[in-house]
Amino acid sequence: MALKIQPLSDRVLVEAQEAETKTASGIYIPDSAKEKPQKGKVVAVGSGKKDHKMTVKVGDTVLYGKYAGTELKLDGNDYLIMREDDILAIV
Amino acid sequence: MALKIQPLSDRVLVEAQEAETKTASGIYIPDSAKEKPQKGKVVAVGSGKKDHKMTVKVGDTVLYGKYAGTELKLDGNDYLIMREDDILAIV
Amino acid sequence: MALKIQPLSDRVLVEAQEAETKTASGIYIPDSAKEKPQKGKVVAVGSGKKDHKMTVKVGDTVLYGKYAGTELKLDGNDYLIMREDDILAIV
Amino acid sequence: MALKIQPLSDRVLVEAQEAETKTASGIYIPDSAKEKPQKGKVVAVGSGKKDHKMTVKVGDTVLYGKYAGTELKLDGNDYLIMREDDILAIV
Amino acid sequence: MALKIQPLSDRVLVEAQEAETKTASGIYIPDSAKEKPQKGKVVAVGSGKKDHKMTVKVGDTVLYGKYAGTELKLDGNDYLIMREDDILAIV
Amino acid sequence: MALKIQPLSDRVLVEAQEAETKTASGIYIPDSAKEKPQKGKVVAVGSGKKDHKMTVKVGDTVLYGKYAGTELKLDGNDYLIMREDDILAIV
Amino acid sequence: MALKIQPLSDRVLVEAQEAETKTASGIYIPDSAKEKPQKGKVVAVGSGKKDHKMTVKVGDTVLYGKYAGTELKLDGNDYLIMREDDILAIV
């Protein structure tokens, strides 16, 4: 299902994923980390800003900080809309 | 009815909408989100700034943060005037 | 009566108006808004800055935030001197 | 008497004037304003900065905020040295 | 084992090393320092930003502040993802 | 005696002078000012920064804020090293 | 002994020196100064940033603020790694 949503500026819409004990690339998200990064899939990407060309693409799996973004909910899934600069890495 | 109001700089005038349980594009605005985004329709758009070309257009439905903007009231409807950078996405 | 005053930089001198229940363009200034915008008429305009060309003109009616600017008083009317960026919209 | 003092950068030396009930241009400085602007005469002007060309000239009467600048005293008069950006208007 | 992870922007993924009493270059990390720098090996490097070309390379041993970065865990090793500007030196 | 010291960047080394009741140019430094400017003689001047060309020269007498700079002592005299932007005026 | 360490960006590695009562150039570091500058010898210098060309060289004796930098220890000597902008002067 395609989402009809266009993030503004350098924002990215991310579908949060359940925390797993081991990811495909073998990365563990630890339980006791002082600030646990979260994992999600990119669902929509803004067009960027004059001094910020977007790097992530729809379909990328990304890590981001625990308090990044603003929550949305769609069909029972959790979405977050955040600035690309809040994304730590593509895994 | 056309509003005779010209937002200054990179500001946008938004007509707040009643929270719905499900939008046309299927997006739910959750009750319990720590910071609930709000939805509204763009009524007037400023001319931007030298380093900020406006993206939203009159008639767009937009999401924005709960504390974004300054309130106005017109004919019983709620308006908000906010900077475009406070707008999260066009839906 | 012409005022002999030249606002510096990107500042604007505004003559505050009595709050009305309904303006010419039909905009209500609500009583209970968390931050009520104020209305006034532009009386004098600074020459701007290198990176800020002025938009408002003498005679414009403008909306601005409740705490914007510094108060002056002249012949019983209230004046405010504020930066143009504190002005929300021209009505 | 000419003062042998050269304000640095974008600073202005101002000789504070006694508060009057009515100025030549008819402006009252109110008693009860939350932040009363002060009035004074420009005595010396810095050479500006690369991105700030000076606007006020020696002899101008200016308004400035109550807490602007640093105090100096000369022959019983009050002087203030402040950045030009602390000056609100030329009257 | 190659890690399938691409740090975003000017971020660097670092594998934390056990604190040693003496490094190859003879540097001691003191016990009682007010802010102990940490040592680790660069595992992955972002592509930088328009105004920030990356300096560190995969395989470099780096020193960084005690509170730098966000923790990840992989196969029992500690990883940190941090901005390159949080890296103090290459040893 | 020439001091062998080169202030870095836009810093200036100033030899503090005893407060006088009246300076050569007739300026009094008041006792009760909320923030008393200090007077001193410029002893050494940094080479400036890319966007800050130095204005003061060795030998200039300058005024600066009470809390400006970092103290040094040499042969019983007080020195201060401060950024040129902390200097208010040349007298 | 040459140290195998490369400070990143605009950082400088400094070997702290014992406080002396009188330096070669006759500068005293006072006991009671509110913020005592420290003295040290430059041991390694970063390559600078796009908008910051390095000024200090290996071998320079420098003054820096009491709380500048992060501590390292090597063969019983104290090292500090700090940004060049934390260095006050070359003596």
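The values are calculated or read from the model by the stated rules, or taken from the named source; none is laboratory data. Values in this document were obtained by computation on a predicted structure and should not be read as measured data. Backbone-built Cβ (ideal geometry, glycine too); neighbour counts: all protein chains shown. The area values use the complete protein model at the heavy-atom level, side chains included, leaving out ligands, DNA and RNA. Shrake-Rupley method; radii C 1.70, N 1.55, O 1.52, S 1.80 Å.
At-a-glance table
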quantity: Residue among A:Ala44, A:Ala16 that is in contact with a strand residue (DSSP E or B) (Cβ under 9 Å, 6 or more places away or on another chain) and modelled with pLDDT of 95 or more; calculated: A:Ala44
quantity: Test result for D:Lys57, at pLDDT below 95, assigned to a loop (DSSP other than H, G, I, E, B) and open to solvent by 10 Å² or more (accessible area, probe 1.4 Å); calculated: no
quantity: Output for segment E:19-41, where each listed residue is assigned to a loop (DSSP other than H, G, I, E, B), modelled with pLDDT of 60 or more and surrounded by 15 or more Cβ atoms within 10 Å (Cβ to Cβ); calculated: E:Pro37
quantity: Matching residues, segment B:72-91, being open to solvent by less than 30 Å² (accessible area, probe 1.4 Å) and facing chain C (nearest Cβ under 9 Å); calculated: B:Leu72, B:Leu74, B:Tyr79, B:Ile81
quantity: Hits in segment B:46-62 - residues which are in contact with a Leu (Cβ under 8 Å, 6 or more places away or on another chain) and of a type in the set (Gly, Ala, Ser); calculated: B:Gly46
quantity: Single unsatisfied condition, E:Asp60 versus (1) at the interface with chain A (Cβ under 9 Å from one of its Cβ atoms); (2) in contact (Cβ under 8 Å) with a residue 12 or more places away in the chain; calculated: (1)
quantity: Per-region count, segment D:65-89, residues touching a Ser or Thr at 6+ places or on another chain (Cβ under 7 Å) and either assigned to a loop (DSSP other than H, G, I, E, B) or free of Cβ contacts under 8 Å to residues at least 40 places away in the same chain (or both); calculated: 1
quantity: Of the criteria (1) more than 14 Å from chain E (Cβ to nearest Cβ); (2) modelled with pLDDT of 95 or more; (3) open to solvent by 20 Å² or more (accessible area, probe 1.4 Å), which one A:Gly69 fails; calculated: (2)
quantity: Residue check for B:Val62: modelled with pLDDT of 80 or more, part of a strand (DSSP E or B) and of a type in the set (A, V, I, L, M); calculated: yes
